[in-house]
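**Q** Here it is, the structure, as structure tokens.
The values are calculated or read from the model by the stated rules, or taken from the named source; none is laboratory data. Only a predicted model underlies this, so the values are computations on that prediction, with no experimental measurement involved. No Cβ is skipped: glycine too gets one built from the backbone with ideal geometry, and neighbour counts run over all protein chains shown. For accessibility, only protein heavy atoms count, side chains too; no ligands or nucleic acids. Shrake-Rupley method; radii C 1.70, N 1.55, O 1.52, S 1.80 Å.
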Amino acid sequence: MKTNFSKEQLKDKDNKSSEKIFRKCVHCGFCNATCPTYQLLGDELDGPRGRIYLIKDMLENNKPANEKIVKHIDRCLSCYSCMTTCPSGVNYMHLIDHGRNHIEKTYKRPFGERLIRNFLSNVLSKSFNFRVIVILVQFVKPFRFFFPKKIKEMIALMPRKFPKKTLPNMEIYRAQKKKKPVARVALLTGCVQKVISPQINEATIRLLNRHNIEVVVSKGIDCCGSLNHHLGKSYLAHKAFKKNISIWYEEYLKNGLDAIISNTSGCGTTLKDYGFIFRSDNNLKIKAKKISELTKDISEYLDENVKLNFIKNKENNKEYKIAYHSACSMQHGQKVHDVPINLIKKTGNQVFDIPDGHICCGSAGTYNLLQNDIAKKLLKNKISNIEKIKPQFITTGNIGCITQIANGTKIPILHTVEIIDWYTGGPKPEVLMKL
Ligand code: SF4
Ligand code: SF4
């Protein structure tokens with residue numbers, strides 16, 4: 001794609017990077033074929049190629065965003081299915097991030113939208129605030145019919161109660177064996193995940209400790225920053241990025257870290273991008289690159305570093321039919337697909353890919369809250385594809401997908417790490433108790 005940035009514009013590091021990406025695009029449109037919003041809406045501007053043109057036009061012409069551009073960019077799920085399909089290696093993720101930051105700087109959204117986006121930014125990225133809101137929402141739930149549609153739907157998606165925790169809050173979870181641990185890893189426990197599904201972090205910690213690995217949950221790390229990053233709120237996102245980088249880097253230097261484990265693929269994708277985000281920051285670029293290099297999805301870490309000790313008992317000796325939902329951030333963002341499937345297969349169960357598995361379930365961070373109509377259609381299609389397999393349960397590696405899919409089906413769904421924990425001596429996951 002021909003570009004027309006001036007020399008002055010190319011002094012900006014983000015313009016410079018985006019220009020290189022635009023030049024790779026050959027307008028072929030292959031990406032449209034696998035874009036969920038293009039498939040649903042059929043509008044060129046709701047596909048990756050159209051959005052690339054919109055972003056290029058804003059950046060090259062120093063053009064402020066307008067209502068039309070914002071509508072089409074907001075409808076993008078950031079699922080990165082287009083990146084998997086693109087034969088030219090166009091990094092759409094970096095373009096859409098740049099486009100969203102430009103929108104945030106140049107466009108004043110209507111009051112109601114600003115209110116909702118600020119609310120999500122302040123509530124979801126801070127686990128304390130999220131807890132408080134979940135409690136308050138229980139009081140307004142009976143009156144939700146009086147609220148506007150969007151708020152009503154948000155209230156409906158809020159959890160009813162907090163699941164019980166079984167592990168105490170600690171900074172260091174020691175390896176179970178008395179001898180020296182074989183590795184020491186940091187775990188990102190996540191802002192929303194640790195509130196609504198603490199069992200995922202607990203399964204991860206138990207599983208690692210049982211395999212003689214020490215787990216550090218660093219104080220001061222809450223959100224990975226991706227929530228604000230995808231809302232275009234770069235100031236808040238960068239504040240979280242910088243804090244996380246300095247805390248983990250200090251831990252790495254002082255006590256040693258063999259890996260930083262993410263068990264939420266949406267967050268993992270962003271952690272792996274810290275190195276790119278701070279590529280021009282002389283104070284942070286080395287540290288950020290190190291943090292990205294250390295980051296592993298839990299499935300990757302287990303596959304590459306842990307000799308799993310599978311234990312059969314009377315609870316887990318049945319053979320189940322499992323549908324594996326490959327989260328977009330996992331398969332398209334991190335290019336991790338076969339690894340979790342092969343791990344689950346080691347438990348002796350049957351694992352099936354979901355038809356049209358490359359298409360998003362509609363969760364996509366805050367997407368199901370902000371673009372509820374499109375998210376609902378995607379969920380409906382996902383559930384109908386899952387039902388074709390007739391699985392006994394579903395598994396995936398991302399809390400957002402778990403919450404979204406659980407809203408559309410009665411088939412139990414759980415995180416992949418909970419299955420591996422169970423088959424290596426951990427307790428049977430609560431969601432499977434009736435099976
Ligand atoms: S990220 Fe997903 S929704 Fe956005 S343009 Fe690419 S394929 Fe379409
Ligand atoms: S598939 Fe790649 S090269 Fe082709 S239009 Fe889409 S982004 Fe451009």
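**Q** Could you sort out which of K56/K149; K243/K382; K11/K272 sit more than 30 Å apart by Cα distance in this structure?
**A** K56/K149; K243/K382
**Q** Relative to the Cα centre, what is the charge dipole magnitude of segment 44-141, using +1 at the beta carbon of each Lys and Arg, -1 at the beta carbon of each Asp and Glu, and rounding to the nearest 20 debye?
**A** For segment 44-141, the charge dipole is close to 360 debye.
**Q** Let me ask something else about it. Give me the angle, in degrees from 0 to 90, between the Cα long axis of helix 127-140 and the longest principal axis of the Cα atoms of the chain, rounded to the nearest 10.
**A** Helix 127-140 and the main axis of the chain meet at about 90 degrees.
**Q** Kirkwood hydrodynamic radius for the chain: how many Å is it when counted over pairs of different Cα atoms?
**A** One decimal place: 22.5 Å for the Kirkwood radius.
**Q** Treating only the Cβ of Lys, Arg, Asp and Glu as charged (+1, +1, -1, -1), what charge dipole size does the chain show about its Cα centre? Round to the nearest 20 debye.
**A** Dipole magnitude for the chain comes out near 840 debye.
**Q** Hey, if you put +1 on the Cβ of every Lys and Arg and -1 on every Asp and Glu Cβ in segment 13-149, which of N32, F145, I69 ends up farthest toward the positive end of that dipole?
**A** The Cα lying farthest towards the positive end belongs to F145.
**Q** If you plug each phi of segment 310-322 into the Karplus form 6.51 cos²θ - 1.76 cosθ + 1.60 with θ = phi - 60°, what whole-Hz ³J(HN,Hα) values come out, in order, with x for Gly and Pro?
**A** 6, 10, 8, 9, 5, 7, 10, 8, 7, 9, 9, 9, 10
**Q** Sequence gap at least 6, Cα distance under 8 Å: using those rules, report the relative contact order of the chain to the nearest whole percent.
**A** RCO, the chain: 14 percent.
**Q** Got a sec to turn the phi values of segment 187-204 into Karplus ³J(HN,Hα) couplings, 6.51 cos²θ - 1.76 cosθ + 1.60 with θ = phi - 60°, whole Hz, x for Gly and Pro?
**A** Computed from phi, the couplings for segment 187-204 are 10, 7, 8, x, 7, 7, 4, 5, 8, 8, 9, x, 5, 6, 5, 5, 4, 5 Hz.
**Q** Same structure again: How large, in percent, is the carbon and sulfur part of the accessible surface of the chain at a probe radius of 1.4 Å?
**A** 55
**Q** So, for segment 188-343, what is the accessible surface per residue at a probe of 1.4 Å, expressed in square angstrom?
**A** 38
**Q** Contour minus end-to-end for K161 and K335, with contour as 0.36 nm per residue of separation and end-to-end as the Cα-Cα distance?
**A** 59.2 nm
**Q** Please name whichever of T264, A175, Y53 sits farthest to the positive end of the charge dipole of the chain, dipole taken about the Cα centre and charges placed at Cβ: Lys and Arg +1, Asp and Glu -1.
**A** About the Cα centre, the residue reaching furthest to the positive side is A175.
**Q** Right, next: Using 7 Å Cα-to-Cβ label points, what is the F146/N62 separation (nm, one decimal)?
**A** Result: 5.0 nm between the two label points.
**Q** Assuming 0.36 nm per residue, please report the length gained on full extension of the stretch A406 to L41 beyond their Cα-Cα distance.
**A** 128.9 nm
**Q** Let me ask something else. Quickly work out the E8-to-K20 label distance, labels modelled 7 Å from Cα along the C-beta direction, and quote it in nm with one decimal.
**A** 2.5
**Q** Taking the chain as a Gaussian network, Cα atoms linked when under 10 Å apart, which of P168, P87, P412 shows the biggest mean-square fluctuation?
**A** P168
**Q** Grab segment 302-358 and count how many Lys pairs have their alpha-carbon atoms under 15 Å apart, sequence gap of 8 or more, or different chains.
**A** Value for segment 302-358: 8.
**Q** Roughly how big is segment 343-435's charge dipole about its Cα centre, with Cβ charges of +1 (Lys, Arg) and -1 (Asp, Glu), in debye to the nearest 20? Kindly include the intermediate steps, with their values, before the conclusion.
**A** Numbers: 11 positive and 7 negative charges, 51 e Å.
Roughly 240 debye, rounded to the nearest 20.
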